[in-house]
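As structure tokens, the structure follows; a few thoughts come after it.
The values are calculated or read from the model by the stated rules, or taken from the named source; none is laboratory data. Only a predicted model underlies this, so the values are computations on that prediction, with no experimental measurement involved. Note that each Cβ is placed from the backbone with ideal geometry, even for glycine, and that neighbours are counted across all protein chains shown. These area figures cover heavy atoms from the full protein model, side chains too; ligands, DNA and RNA do not enter into them. Shrake-Rupley method; radii C 1.70, N 1.55, O 1.52, S 1.80 Å.
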Amino acid sequence: MTAAGAAPTELGTEKIGKLLKQYAVPGIIAQTAASLYNMVDSIYIGHIPGVGSAAISGLAVTFPLMNLSIAMGTLVGVGAMTLISVLLGQRNYGAAQKVLANVLTLNVIIGVIFTALTLPFLDPILRFFGASDTTLPFARDYMTIILAGNVFMHLYHGFNGLIRSSGHPKVAMGLTLFTVFSNAVLDPIFIFVLGMGIRGAALAPILCQLVALVYTLRFLSD
């Protein structure tokens, strides 16, 4: 964990106001950009010939389940951020590396369990969230792809915060911006050019986050 181990020592010496600006501004930008995911998906899905409005309704039904999945991945990352920040402040890089490994293991386990528990009961869950006979097929198609890549999403959200806590908030922000803008580029390709419809809208963010995850793991392990 050299990249994280080499984190700036300014957290213990710099003025709080400067640190707040240095860490808060990239975080705000990243969170604002991340909120565009569903907006971009809705815009493209709404233009699918013949099914736009029904597909958008189906997408909206999936939001609670998607947010729960993201929350589970973020939960591990937020707890690990605190531990790693303390350990890096103590210059205990070996222990920080172990926490990093535990985050990887725990997120994989949680991601697999979440998928295993929700995928067999996906239709009843979506109906509970308000899916109708018309919107259910679209919601099912979208969430099936999302759940198939759920582990990658868990890992991405879990590790993104670790980059920030290791002293690199701009890198964490850059990765979030990359996933958002690359998703906006891939969405129309998958949806319209490849004819995947709403499945393409689900596949695009998973691939974007997978690429960002690979870079994140390399960054943290260098």
Separation of the V51 and T32 label points, Cα + 7 Å toward Cβ, nm: 3.5
Cα Rg over Rh - the stretch 2-119, Kirkwood: 1.11
Environment charge of G27, counting only residues whose C-beta is closer than 12 Å and scoring Lys/Arg +1, Asp/Glu -1: +3
Gyration tensor (alpha-carbon) shape descriptor, the stretch 84-206, a/c threshold 1.5: oblate
F192/K98 FRET efficiency (R0 45 Å; Cβ-Cβ; nearest 0.05): 0.45
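Short version: what are the Cα gyration tensor semi-axes of the chain, square root of 5 times each eigenvalue, largest first, in whole Å? Please report the intermediate quantities before stating the final value.
Working: eigenvalues 245, 68, 39 Å².
Taking √(5λ) for each eigenvalue gives 35, 18, 14 Å, largest first.
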Dipole axis of the chain (+1 Lys, Arg; -1 Asp, Glu on Cβ), positive-most option in F138, V108, F121: V108
Hz values of 3J(HN,Hα) by residue in the stretch 82-94 - Karplus curve (6.51, -1.76, 1.60), Gly and Pro given as x: 5, 4, 5, 4, 5, 5, 5, x, 8, 6, 9, 6, x
3J(HN,Hα) from dihedral phi, the stretch 21-27, Karplus parametrisation 6.51/-1.76/1.60, rounded to Hz, x for glycine, proline: 5, 5, 9, 6, 4, x, x
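Pairs of alpha-carbon atoms within less than 8 angstrom and 6+ residues apart define the contacts here; what relative contact order does the chain have, in percent?
Working: 263 pairs, mean separation 73.9, N = 222.
In percent, rounded to a whole number, it is 33.
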Fraction of accessible area attributable to carbon and sulfur, the stretch 72-222 (%, probe 1.4 Å): 73
Estimated inter-spin distance, F129 and L19, nm [label 7 Å along Cα→Cβ]: 3.8
Whole-Å distance, taken between Cα centres, linking the stretch 117-171 and the stretch 82-110: 24
Residue-wise HN-Hα coupling along the stretch 190-204, computed from phi with Karplus coefficients 6.51, -1.76, 1.60 (Hz; x: Gly, Pro): 6, 6, 9, 5, 8, x, 7, x, 5, 4, x, 5, 7, 6, 4
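Using 1/(1 + (r/R0)^6) with R0 = 22 angstrom and r between the beta carbons of T144 and I109, what's the FRET efficiency to the nearest 0.05?
Numbers: r = 21 Å, r/R0 = 0.96.
Here the calculated transfer efficiency is 0.55.
Using R₀ = 25 Å, calculate the FRET efficiency as 1/(1 + (r/R₀)^6) where r is the Cβ-Cβ separation of F178 and T82; round to 0.05. The partial results should precede the final answer.
Values: r = 26 Å, r/R0 = 1.03.
Computed FRET efficiency for F178 and T82 comes out at 0.45.
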Average accessible surface area per residue within the chain, 1.4 Å rolling probe, Å²: 48
Estimated distance in nm for a label pair at M39 and A116, the labels positioned 7 Å out from Cα along Cα-to-Cβ: 3.9
